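Participant: Handing you a structure now.
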Amino acid sequence: MIRWLQNRFAIIVAVLVLLYLFLPVAYTFVFSFNNYRKSNIVWNPQGSPTLKHWQDPCGAPGVCDALVTSLQIGVIATVIATVLGTMLAFALVRHKFRGRAVSNVLVFVPMATPEIVLGASLLTIFVQGFSRVGLGLGFWTITIAHIMFCVSFVVVTVKARLQSLDPRIEEAAQDLYAGPGSTFWRVTFPLVLPGIVGAALLAFSLSFDDFIITNFVSGNETTFPKFVYVSYLRGIPAQANVIGFSMFVIALTLVILGQLIGNARRSSK
Amino acid sequence: MATNSGFREATGDLRLESVTKAFGDFRAVDDLDLVVPRGSFFALLGPSGCGKTTTLRMVAGLEQPTSGRILIGDTDLTGSRPYERPVNTVFQSYALFPHLTIRDNVAFGPKRRGQKDAMERAEETLRLVEVDHLAARKPAQLSGGQQQRVALARALVNRPEVLLLDEPLGALDLKLRRQLQVELKRIQTEVGLTFIHVTHDQEEAMTMADTVAVMNHGRIEQMGAPADLYDLPRTTFVANFVGRSNLGTGRVVDRDGDHLVAEIQGTKVKVPLARAGVTDGEVTFGVRPEKVRVLRQPPETGGDDVKGIVLDVSFTGVATEYLVRLPSGAVWSCYEQNLDVDPIDLHRGDDVWISWNPAHAFTVPVDEAAAKAAAEATA
Amino acid sequence: MSALAHVGGTSGTTGAGPAGDAPPQERAGRRWLPYLLLLPGGLWLLVFFVVPLLQLFTVSIQSQFPGYPGYYYRDVNFSNYLRALTDFAPQFGRSLLFAALATFFAFALAYPLAYAMAFKAGRWRNIMLIAVIAPFFTSFILRTVAWRQILADDGPVASTLNALHLLPGGRITETAAAVVAGLTYNFLPFMVLPIYASLERADARVIEAGGDLYANGFTTFRTVTLPMSMPGVIAGTLLTFIPAAGDYVNAELLGSDGDKMVGNVIDSQFFRVLGGFPTAAALSFTLMALILAMVFVYIRRFGTEELL
């Protein structure tokens with residue numbers, strides 16, 4: 001018995017930890033069916049579980065506006081951060097130039113800086129400098145901030161992919177009559193693409209889920225996490241649970257689908 | 001995408017004219033002159049770091065020489081880009097494009113050159129190397145040997161003027177290596193292209209190549225047909241790197257007709273003048289181990305001989321190797337074929353005579369460092 | 001999110017090979033290319049990261065107009081720092097302590113999970129990997145609020161424990177333990193992924209060989225497995241400690257007034273205290289300097305320069 005436990009110790013702990021990770025998600029799911037009266041904090045034992053929040057996910061005031069804002073910012077920030085970060089990664093891995101070490105530090109330090117410091121510092125320039133040029137706190141200041149903190153993560157991800165690339169593969173392309181442009185677009189880029197896609201997904205999830213920095217630079221604009229945080233005191237509407245859980249399901253489906261396609265490709269003859 | 005606008009047609013022998021490649025203070029290739037005749041199978045043999053791969057990369061255009069010229073026929077290729085040269089490479093570890101199918105890998109070169117029948121050419125070449133049934137797969141789904149064939153096909157399909165092979169068999173196991181050696185040779189004969197094969201495996205170089213150039217410290221030590229290199233090494237390094245040699249250092253003391261007489265650690269030995277790389281002063285004298293016979297009694301007829309003590313006997317099937325300590329302290333290695341007559345029953349500690357025909361002996365310049373380096377590289 | 005896994009593990013992959021594997025050679029005219037690639041992203045980081053930090057610094061040494069709360073003038077006045085560090089020392093200490101505890105617990109939970117994923121999961125490996133990442137897709141605030149409800153006084157956990165008289169204080173929320181638990185939960189995947197990445201890269205055969213050399217399983221772990229996963233452990237602890245030390249959401253939602261962290265102070269000094277800007281700036285700057293100093297010492301100590 002003891003040996004059996006010893007052998008499976010890691011697996012048992014792993015399963016328990018995974019359950020722990022999923023507990024709040026399950027809670028969110030269950031409470032999306034709560035037929036509550038005033039606030040969705042305790043389960044209403046009188047009301048039977050209801051589908052009404054799922055049938056009307058925008059039923060709570062502001063929740064869908066916040067979601068749309070988050071999605072818009074997420075997409076814009078992802079696209080720009082991915083482009084900027086990928087370019088940086090190529091420069092840092094593929095070229096030797098003056099100031100490379102400094103650039104590496106410049107990319108690393110934002111990741112090592114607490115979000116609250118990033119938020120606070122951005123707030124000081126947005127308040128003191130940018131309002132003068134007509135850029136008040138809101139949608140665009142949030143987007144700017146998100147791009148800033150996503151860039152570093154994109155760089156790290158793409159860099160790792162680039163570094164694991166065998167330089168001989170590109171040499172082989174050159175050897176087979178591909179010029180610099182052809183080598184890049186037909187060989188280098190397709191091989192780095194999975195890294196870039198991974199970086200983009202990472203950037204989107206970081207942006208979509210960010211609260212601390214957003215809260216500093218958002219002014220009156222409300223993103224989805226901010227909506228949840230602000231409405232917490234009054235009780236979070238079950239529609240937020242519906243949306244939160246739906247995002248979870250959508251993202252999970254996409255990831256699993258991607259996995260399956262990848263597996264199918266690998267095993268196809 | 002016509003990116004091969006700068007492509008240079010060239011045909012003829014490959015010539016390297018005093019080519020030097022320096023990385024900082026280090027001269028990877030040092031003032032190299034070399035002519036590889038068109039259509040030959042040429043091997044560059046040497047230990048790692050000897051400059052053979054750098055030489056290959058300069059021919060491919062992946063490195064530019066610090067000085068000197070690289071030509072095919074009369075066309076100077078120095079300074080041109082890899083994609084402008086009629087030269088293709090089979091890379092060490094193959095460097096297949098992991099995201100493309102085997103067919104697309106092979107068709108890559110012809111497509112870049114805008115050849116309409118790229119796909120047919122690819123199929124045809126895949127048939128030549130006998131992996132056409134794998135055309136639709138990705139490289140990751142192939143075994144090492146199959147990837148090697150694809151890498152070869154990907155270079156061959158372009159019918160380059162010169163085909164470069166960078167340790168192409170290094171990652172394969174011994175049996176597969178032997179098999180592919182034979183096949184590479186067959187393919188080379190069939191297509192008639194110039195092959196330049198870089199390897200550190202002397203056996204591989206000798207079985208495949210028409211001409212072998214032995215490189216060390218960025219220079220060519222000796223070049224010639226495999227049998228000639230083996231029979232008459234011209235430097236200590238070659239004597240030890242291409243096969244093994246029993247070497248001893250001493251002085252030339254006399255002439256005896258068309259033979260040179262040298263005293264090597266107390267023993268007088270003879271070397272035909274035609275085989276003497278050095279005829280004066282300090283020399284290193286050598287004999288190949290299989291040319292030395294081990295005897296229980298002193299030999300009756302001519303030849304040179306020395307008395308010694310058996311240090312070790314190792315039976316290898318076809319032959320037996322004896323290590324014999326000579327009075328000077330030197331240890332010689334002797335291979336005796338295990339023929340059906342008189343197996344000599346020798347043991348550690350037995351007194352023996354070793355003897356050889358002076359016609360097989362040679363002298364080379366004294367070079368302790370090279371002797372040591374070569375012995376380590378082949379160990 | 002799997003990308004985070006790379007943070008720990010880029011060690012030793014930079015092209016090494018014979019004959020100086022320089023990147024494909026550049027024509028002389030392309031020397032400006034790296035700068036062109038660098039320019040937009042570098043400029044963005046310069047304008048929206050470096051400049052704001054400098055600005056934050058100048059704010060942190062401003063002085064208040066006496067008698068006019070909320071108005072400051074440009075000055076070189078380090079008393080804000082002194083005040084920030086004396087008045088808010090408890091919050092500072094708590095931030096570091098809570099973050100350290102959360103990092104420790106996250107490590108204790110993450111290592112077996114990562115180990116199981118790398119060596120025991122077999123074909124379940126990818127499913128488990130997805131399972132680690134998946135909770136991220138539900139908003140982090142939503143999950144923290146969920147914890148608050150789960151652990152609430154009248155919630156299932158607290159009432160069960162109370163019925164059994166196992167809860168000394170009578171409650172879970174509004175305690176420091178709840179804050180640490182929340183921090184541990186929120187940053188756990190950041191610990192799992194890098195450790196998993198470095199374990200996965202480690203050769204299982206080496207670990208088996210270790211098992212042959214040392215009969216004792218724990219010795220094998222300590223002398224072979226753990227050192228091999230060190231880059232991942234370092235990345236994981238940094239990725240957990242840094243955000244945990246700066247967090248204020250967990251303390252706000254799960255803790256009492258006595259469990260506030262430096263993040264809460266910065267937040268309230270900025271938004272709710274008139275004239276709190278310089279103090280908040282000084283606090284932010286101190287926090288950042290402290291963390292950066294720790295990070296660099298830590299990286300030097302364990303020698304993973306690849307992180308940079």
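The values are calculated or read from the model by the stated rules, or taken from the named source; none is laboratory data. Since we're looking at a predicted model, the values are computed, not measured. All Cβ positions, glycine included, derive from the backbone under ideal geometry; neighbour counts span all protein chains shown.
Participant: Could you grab me the full set of residues in the range B:61-88 that are of a type outside the set (Lys, Arg), over 21 Å from B:Gly218 (Cα atoms) and facing chain A (nearest Cβ under 9 Å)?
Facilitator: Across the range B:61-88, the qualifying residues are B:Pro82, B:Tyr83, B:Glu84, B:Val87, B:Asn88.
Participant: Within 21 Å of the chain's Cα centre (by Cα) and polar (S, T, N, Q), is that true of B:Gln92? Outline the logic, then answer.
Facilitator: Details: within 21 Å of the chain's Cα centre (by Cα): yes; polar (S, T, N, Q): yes.
Against the criterion (within 21 Å of the chain's Cα centre (by Cα) and polar (S, T, N, Q)), B:Gln92 qualifies.
Participant: Sticking with this structure for a sec: For the range B:66-84, name all the residues that are closer than 19 Å to B:Gly12 by Cβ and either surrounded by 24 or more Cβ atoms within 10 Å (Cβ to Cβ) or not β-branched (Val, Ile, Thr) (or both). Show your work before the answer.
Facilitator: Going through the range B:66-84, the residues closer than 19 Å to B:Gly12 by Cβ turn out to be B:68-80, B:84.
Once the filter is applied, which keeps residues that are closer than 19 Å to B:Gly12 by Cβ and either surrounded by 24 or more Cβ atoms within 10 Å (Cβ to Cβ) or not β-branched (Val, Ile, Thr) (or both), the range B:66-84 yields B:Gly68, B:Arg69, B:Ile70, B:Leu71, B:Ile72, B:Gly73, B:Asp74, B:Asp76, B:Leu77, B:Gly79, B:Ser80, B:Glu84.
Participant: Do you know which of the residues in the range B:208-254 that are assigned to a loop (DSSP other than H, G, I, E, B) and crowded, with 22+ Cβ neighbours inside 10 Å is farthest from the chain's Cα centre (by Cα)? Steps first, please.
Facilitator: Going residue by residue through the range B:208-254, those that are assigned to a loop (DSSP other than H, G, I, E, B) are B:209-210, B:217-218, B:225, B:232-235, B:242-245.
Narrowing the set further to residues that are crowded, with 22+ Cβ neighbours inside 10 Å leaves B:209, B:218, B:233, B:242, B:245.
On the way: B:Ala209: 8, B:Gly218: 15, B:Pro233: 13, B:Val242: 8, B:Ser245: 16 Å.
Among those that are assigned to a loop (DSSP other than H, G, I, E, B) and crowded, with 22+ Cβ neighbours inside 10 Å, it is B:Ser245.
Participant: Of the conditions (1) touching a helix residue (DSSP H, G or I) at 6+ places or on another chain (Cβ under 9 Å); (2) more than 13 Å from C:Phe137 (Cα to Cα); (3) touching a residue at least 60 places away in the same chain (Cβ under 8 Å), A:Ala203 satisfies every one except a single condition; which number is it?
Facilitator: All conditions pass for A:Ala203, except number (2).
Participant: Restricting to the range B:179-207, and then to whatever is surrounded by fewer than 18 Cβ atoms within 10 Å (Cβ to Cβ) and hydroxyl-bearing (Ser, Thr, Tyr), can you tell me which residue is nearest to the chain's Cα centre (by Cα)?
Facilitator: Of everything passing the filter in the range B:179-207, B:Thr207 is nearest to the chain's Cα centre (by Cα).
Participant: Looking at the range B:1-53 only, could you name the residues that are over 15 Å from B:His197 (Cβ atoms), touching a residue at least 40 places away in the same chain (Cβ under 8 Å) and under 16 Å from the mean Cα position of the chain (by Cα)?
Facilitator: Of everything in the range B:1-53, those that are over 15 Å from B:His197 (Cβ atoms), touching a residue at least 40 places away in the same chain (Cβ under 8 Å) and under 16 Å from the mean Cα position of the chain (by Cα) turn out to be B:Pro47, B:Ser48, B:Gly51.
Participant: Being modelled with pLDDT of 90 or more, within 11 Å of chain A (Cβ to nearest Cβ), buried (at least 23 other Cβ atoms within 10 Å of the Cβ) and under 23 Å from A:Phe108 (Cβ atoms), is that true of even one residue in the range C:247-258?
Facilitator: Yes, because at least one residue in the range C:247-258 is modelled with pLDDT of 90 or more, within 11 Å of chain A (Cβ to nearest Cβ), buried (at least 23 other Cβ atoms within 10 Å of the Cβ) and under 23 Å from A:Phe108 (Cβ atoms).
Participant: In addition: Please specify each residue of the range B:1-39 satisfying the condition of being modelled with pLDDT of 90 or more, closer than 20 Å to B:Asp76 by Cα and facing another protein chain (nearest Cβ under 9 Å).
Facilitator: Going through the range B:1-39, the residues modelled with pLDDT of 90 or more turn out to be B:13-23, B:26-39.
With the extra rule that they be closer than 20 Å to B:Asp76 by Cα, the set shrinks to B:13-21, B:29-39.
B:Lys21 - this is the single residue of the range B:1-39 that is modelled with pLDDT of 90 or more, closer than 20 Å to B:Asp76 by Cα and facing another protein chain (nearest Cβ under 9 Å).
Participant: What number of residues in the range A:112-137 are at pLDDT below 90 and more than 8 Å from every other protein chain (Cβ to nearest Cβ)?
Facilitator: 10
Participant: Identify the residue in the range A:205-236 that is small (Gly, Ala, Ser) and closer than 15 Å to C:Ala146 by Cα and, among all such residues, is surrounded by the most Cβ atoms within 10 Å (Cβ to Cβ). It would help to see each step written out before you state the result.
Facilitator: Quick first cut of the range A:205-236, residues small (Gly, Ala, Ser) only: A:205, A:207, A:218-219, A:231, A:235.
After this cut, where a residue has to be closer than 15 Å to C:Ala146 by Cα as well, the list is A:231, A:235.
Details: A:Ser231: 21, A:Gly235: 14.
Only one residue fits best here, namely A:Ser231.
Participant: Separate question: For the range C:268-287, enumerate the residues that are facing chain A (nearest Cβ under 10 Å) and crowded, with 24+ Cβ neighbours inside 10 Å.
Facilitator: C:Phe277, C:Ala280, C:Ala281, C:Leu283, C:Ser284, C:Leu287
Participant: Among the residues of the range B:118-133, are any without any contact (Cβ under 8 Å) to a residue 60 or more places away in the chain, among the polar types (S, T, N, Q) and touching a helix residue (DSSP H, G or I) at 6+ places or on another chain (Cβ under 7 Å)? Walk me through it before giving the result.
Facilitator: Step one: filter the range B:118-133 for residues without any contact (Cβ under 8 Å) to a residue 60 or more places away in the chain, giving B:118-127, B:129-133.
Adding the requirement that they be among the polar types (S, T, N, Q) leaves B:125.
Pick out the ones that are also touching a helix residue (DSSP H, G or I) at 6+ places or on another chain (Cβ under 7 Å) and you get B:125.
Scanning the range B:118-133, I find at least one residue that is without any contact (Cβ under 8 Å) to a residue 60 or more places away in the chain, among the polar types (S, T, N, Q) and touching a helix residue (DSSP H, G or I) at 6+ places or on another chain (Cβ under 7 Å), so the answer is yes.
Participant: Would you confirm whether any residue within the range B:200-207 is among the hydrophobic types (A, V, I, L, M, F, W, C) and not in a helix (DSSP H, G or I)? Can you show your working first?
Facilitator: Within the range B:200-207, the subset among the hydrophobic types (A, V, I, L, M, F, W, C) is B:205-206.
Those left that are additionally not in a helix (DSSP H, G or I): none.
Looking through the range B:200-207, none of the residues is among the hydrophobic types (A, V, I, L, M, F, W, C) and not in a helix (DSSP H, G or I).
Participant: Also, I was wondering about something else. In this structure, is C:Ala178 part of a helix (DSSP H, G or I), buried (at least 19 other Cβ atoms within 10 Å of the Cβ) and within 11 Å of chain A (Cβ to nearest Cβ)?
Facilitator: Details: part of a helix (DSSP H, G or I): yes; buried (at least 19 other Cβ atoms within 10 Å of the Cβ): yes; within 11 Å of chain A (Cβ to nearest Cβ): no.
Spelling it out, it is not the case that C:Ala178 is part of a helix (DSSP H, G or I), buried (at least 19 other Cβ atoms within 10 Å of the Cβ) and within 11 Å of chain A (Cβ to nearest Cβ).
Participant: I'd like to check something: does the range A:12-25 contain any residue that is of a type outside the set (Val, Ile, Thr), more than 9 Å from chain C (Cβ to nearest Cβ) and either under 23 Å from C:Arg148 (Cα atoms) or more than 28 Å from the chain's Cα centre (by Cα) (or both)?
Facilitator: Initial filter on the range A:12-25 (of a type outside the set (Val, Ile, Thr)): A:14, A:16, A:18-24.
Cutting the leftovers down to more than 9 Å from chain C (Cβ to nearest Cβ) gives us A:19.
Then drop every residue that is not either under 23 Å from C:Arg148 (Cα atoms) or more than 28 Å from the chain's Cα centre (by Cα) (or both), which leaves A:19.
Yes, the range A:12-25 has at least one match.
Participant: So, in the range A:82-107, how many residues would count as being in contact with a Ser or Thr (Cβ under 7 Å, 6 or more places away or on another chain) and at pLDDT below 90? Give the derivation first.
Facilitator: Filtering the range A:82-107 down to residues in contact with a Ser or Thr (Cβ under 7 Å, 6 or more places away or on another chain) leaves A:92, A:107.
From what's left, at pLDDT below 90: none.
Matching residues across the range A:82-107 total 0.
Participant: Cβ-Cβ under 6 Å, sequence separation 6+ or interchain: first residue in the range A:172-197 and aromatic (Phe, Trp, Tyr), partner assigned to a loop (DSSP other than H, G, I, E, B). Which pairs?
Facilitator: Correct list of pairs: A:Tyr177/B:Asn4; A:Tyr177/B:Arg113.
Participant: Which one of B:Leu163, B:Leu193 is within 12 Å of chain A (Cβ to nearest Cβ) and touching a strand residue (DSSP E or B) at 6+ places or on another chain (Cβ under 7 Å)?
Facilitator: B:Leu163
Participant: Then there's this: Of (1) within 13 Å of another protein chain (Cβ to nearest Cβ); (2) under 21 Å from the mean Cα position of the chain (by Cα), C:Leu97 satisfies all except one. Which?
Facilitator: (1)
Participant: When you look at A:Ser205, is it of a type in the set (S, T, N, Q), assigned to a helix (DSSP H, G or I) and in contact with a Phe, Trp or Tyr (Cβ under 7 Å, 6 or more places away or on another chain), yes or no? Spell out how you get there, then give the answer.
Facilitator: On the way: of a type in the set (S, T, N, Q): yes; assigned to a helix (DSSP H, G or I): yes; in contact with a Phe, Trp or Tyr (Cβ under 7 Å, 6 or more places away or on another chain): yes.
So A:Ser205 passes the test.
Participant: Would you say A:Val109 is surrounded by fewer than 23 Cβ atoms within 10 Å (Cβ to Cβ) and farther than 27 Å from C:Asn250 by Cβ? Walk me through it before giving the result.
Facilitator: Details: surrounded by fewer than 23 Cβ atoms within 10 Å (Cβ to Cβ): yes; farther than 27 Å from C:Asn250 by Cβ: no.
Taking the combined requirement at face value, the residue does not satisfy it.
Participant: Out of C:Ala5, C:Ala110, report the one residue that is assigned to a helix (DSSP H, G or I), within 11 Å of chain A (Cβ to nearest Cβ), surrounded by 13 or more Cβ atoms within 10 Å (Cβ to Cβ) and at pLDDT below 50.
Facilitator: Numbers: C:Ala110 fails: at pLDDT below 50.
Result: C:Ala5 is the single residue among C:Ala5, C:Ala110 that is assigned to a helix (DSSP H, G or I), within 11 Å of chain A (Cβ to nearest Cβ), surrounded by 13 or more Cβ atoms within 10 Å (Cβ to Cβ) and at pLDDT below 50.
Participant: Related question: Within the range A:257-265, does at least one residue satisfy the condition of being within 10 Å of chain C (Cβ to nearest Cβ), surrounded by 13 or more Cβ atoms within 10 Å (Cβ to Cβ) and closer than 27 Å to A:Asp56 by Cα?
Facilitator: No: the range A:257-265 contains no residue that is within 10 Å of chain C (Cβ to nearest Cβ), surrounded by 13 or more Cβ atoms within 10 Å (Cβ to Cβ) and closer than 27 Å to A:Asp56 by Cα.
Participant: Is it true that some residue in the range A:13-25 is part of a helix (DSSP H, G or I), among the β-branched types (Val, Ile, Thr) and touching a residue at least 12 places away in the same chain (Cβ under 8 Å)?
Facilitator: Applying the first criterion (part of a helix (DSSP H, G or I)) to the range A:13-25 yields A:13-25.
Those left that are additionally among the β-branched types (Val, Ile, Thr): A:13, A:15, A:17, A:25.
Subsequent filtering for residues that are touching a residue at least 12 places away in the same chain (Cβ under 8 Å) retains A:25.
Among the residues of the range A:13-25, at least one is part of a helix (DSSP H, G or I), among the β-branched types (Val, Ile, Thr) and touching a residue at least 12 places away in the same chain (Cβ under 8 Å), which makes the answer yes.
Participant: What about A:Gln46, is it modelled with pLDDT under 85 and within 14 Å of chain C (Cβ to nearest Cβ)? Spell out the reasoning first.
Facilitator: On the way: modelled with pLDDT under 85: yes; within 14 Å of chain C (Cβ to nearest Cβ): no.
Considered against the rule, which asks whether it is modelled with pLDDT under 85 and within 14 Å of chain C (Cβ to nearest Cβ), A:Gln46 comes out as no.
Participant: Report those strands (runs of 3 or more DSSP E) wholly inside the range B:40-112 carrying at least 2 residues which are under 21 Å from B:Arg8 (Cβ atoms) and modelled with pLDDT of 90 or more.
Facilitator: On the way: elements: B:41-45, B:67-72, B:87-90.
Strands (runs of 3 or more DSSP E) meeting the threshold: B:67-72, B:87-90.
Results for (1) more than 13 Å from every other protein chain (Cβ to nearest Cβ); (2) buried (at least 16 other Cβ atoms within 10 Å of the Cβ), shown as yes or no for each residue.
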site: C:Val76; (1), (2): yes, no
site: C:Asp87; (1), (2): yes, no
site: C:Ala102; (1), (2): yes, yes
site: C:Ala106; (1), (2): no, yes
site: C:Ala116; (1), (2): no, yes
site: C:Met128; (1), (2): no, yes
site: C:Thr138; (1), (2): no, yes
site: C:Ile141; (1), (2): no, yes
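Participant: Something else about it: Can you tell me which residue within the range A:181-214, out of those that are of a type in the set (S, T, N, Q) and closer than 30 Å to A:Val230 by Cβ, is nearest to the other protein chains (Cβ to nearest Cβ)? Walk me through how you get there before you give the answer.
Facilitator: Step one: filter the range A:181-214 for residues of a type in the set (S, T, N, Q), giving A:182-183, A:188, A:205, A:207, A:214.
Narrowing further to those that are closer than 30 Å to A:Val230 by Cβ: A:205, A:207, A:214.
Numbers: A:Ser205: 6, A:Ser207: 12, A:Thr214: 11 Å.
Per the criteria, the residue is A:Ser205.
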